[in-house]
């Protein structure tokens, strides 16, 4: 009996699972992609790139572009970190300035 207790403490699979779950939570924690205004790109270029990056409807991309223009920046996407990195990369294909926040 003592042997099985020692075994369950040392080789407890739940300890590893808890650590993995904690890691998964951090990776999947909601993150945001911020897009910053610049004086280089046209509205149409930015709208098109937002649609390409996020898959949002044209009307939402237009509203986000207007917010970027008037406020200097806007959150254009919120979700898992891996998807935020992907969205940011697509926006940066045409040298738009982005930042990911957690």
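Among the residues making up the stretch 67-102, a single one is out of contact with any strand residue (DSSP E or B) (no Cβ under 9 Å at 6 or more places or on another chain), part of a helix (DSSP H, G or I) and closer than 11 Å to residue 46 by Cβ: 69.
Kindly provide the set of residues from the stretch 44-57 that are assigned to a helix (DSSP H, G or I) and surrounded by 13 or more Cβ atoms within 10 Å (Cβ to Cβ), ordered by number.
Residues satisfying the conditions are 45, 46, 47, 48, 49, 50, 51, 52, 53, 54.
Residue-level check: of (1) at pLDDT 95 or above; (2) more than 20 Å from residue 77 (Cβ to Cβ), residue 32 misses just (2).
In the condition set (1) closer than 18 Å to residue 100 by Cα; (2) at pLDDT 95 or above, residue 25 is compliant with all but (2).
The values are calculated or read from the model by the stated rules, or taken from the named source; none is laboratory data. Please read these numbers as outputs of a predicted model, since none were measured by experiment. In this analysis, Cβ positions are derived from the backbone assuming ideal geometry, glycine residues included, and neighbour counts consider all displayed protein chains.
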